[in-house]
1. Kindly list the residues of segment 99-139 that lie in the label zone of Asn151, defined by a backbone N under 12 Å from the point 7 Å along the Cα-to-C-beta vector.
2. Helix 15-34: angle to the longest alpha-carbon principal axis of the chain, degrees 0 to 90, nearest 10?
3. Mind checking the per residue accessible area of the chain for me, 1.4 Å probe, whole number of Å²?
4. What is the Cα radius of gyration of segment 102-209 over 2.2 N^0.38 Å, N being its residue count?
5. Roughly how many nanometres apart are two label points built 7 Å out from the Cα toward the Cβ at Asn192 and Ser233?
6. Volume per residue, Å³, of the convex hull around the alpha-carbon atoms of the chain?
7. For the chain, what is the calculated [θ] at 222 nm in deg cm²/dmol (nearest 500), taking -39500 (n - 2.57) for each run of four or more DSSP H residues and dividing by its residue count?
8. Take Thr66 and Asp248, extend 7 Å from each Cα along the Cα→Cβ direction, and tell me the distance between the two endpoints in nm.
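The values are calculated or read from the model by the stated rules, or taken from the named source; none is laboratory data. What you see is a predicted model, and the numbers here were worked out from it, not measured in a lab. Neighbour counts are summed over all protein chains in view; Cβ atoms, including those assigned to glycine, are modelled from backbone coordinates with ideal geometry. Accessible surface areas use protein heavy atoms only, side chains included; no ligands, DNA or RNA. Shrake-Rupley method; radii C 1.70, N 1.55, O 1.52, S 1.80 Å.
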Amino acid sequence: MPIPQIPPLNQDADLEQIKTYVIRLERTLNFLLENGLDSENVFEVGGWRVKDDTLSSKDGDVGMTTSGSNPDDIRLWAGSTEPDNAPWRVNKAGKMYTTGAVIQSSDGYPRVEMNPDENLFGAYSAANNYLTIQALPGTAQSPQVVIAAPNANMTMFVAGLTAYLSATGADISITTNRDVLIKGNNIDLTPNGPAYDVRVRFDQFLDTFSNKTLYVQLLDKANKGSQTATSGSSDGGIPIGTVLRKADGGTVTWTGVPSHSHTQN
């Protein structure tokens, strides 16, 4: 095998440099004597520091270790010199912790992303076509679900005692299964008890068959104080000309119900 080259010690070396030199010398001698590589005779390999139970980068922010026997002890880490607080770490039990992640195809989309800077989890089919769950600052409002398409979007969230479902640039269509063999195709809007209502403006409640709002249709039916159209005459179910006896013994001849109108209340 090749003969290791041991550089001379600088005569101006400080104590720390002398300690490092002695450690290197000791490991080199162990290697020569044992004719092998292990943590006893290797100090650094390719920029990686070698210890008895740990292999880590020079700056210590990436590494792996066999130290510790508890399930929560960290085995792998990256992003910090403190394995227990590293933004990416895996413990002995195999559980991974990370503050962010991106999983994507070779073309970039589709992709799934956890973004710690924007506090969101998202699934993207394109940059302008996605679903995200955004954790907004503060506690007054719930996380917000955003479903976005190139020209419209829909949001869902809860603020205070109100749950919101809204759309921008698009209609909201609620439909049920139209298969006639399947029952239960109704759409029920059920408030919580008789003290609550389904609230909607009549002038925004449109009958798609007549293309008229409920407000307009009610106006067509009745206006308070106005007169109804004049109705035609009728016999009222009694043939006209029938002679009827009165309570006092007299008689009258039935002439029917004449044309008339009513004042609406």
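1. Within reach of a label on Asn151: no residues.
2. 80 degrees
3. Details: 20420 Å² over 265 residues.
Result: 77 Å² per residue.
4. Numbers: Rg = 18.5 Å, N = 108, 2.2 N^0.38 = 13.0 Å.
Expressed relative to 2.2 N^0.38 Å, the Cα Rg reads 1.42.
5. Rounded to a tenth, the inter-label distance reads 6.3 nm.
6. Working: hull volume 97.7 nm³, N = 265.
Per-residue hull volume (Cα only) is 369 Å³.
7. Values: 2 runs with 28 residues, N = 265.
Calculated mean residue ellipticity at 222 nm is -3500 deg cm²/dmol.
8. It is 12.6 nm.
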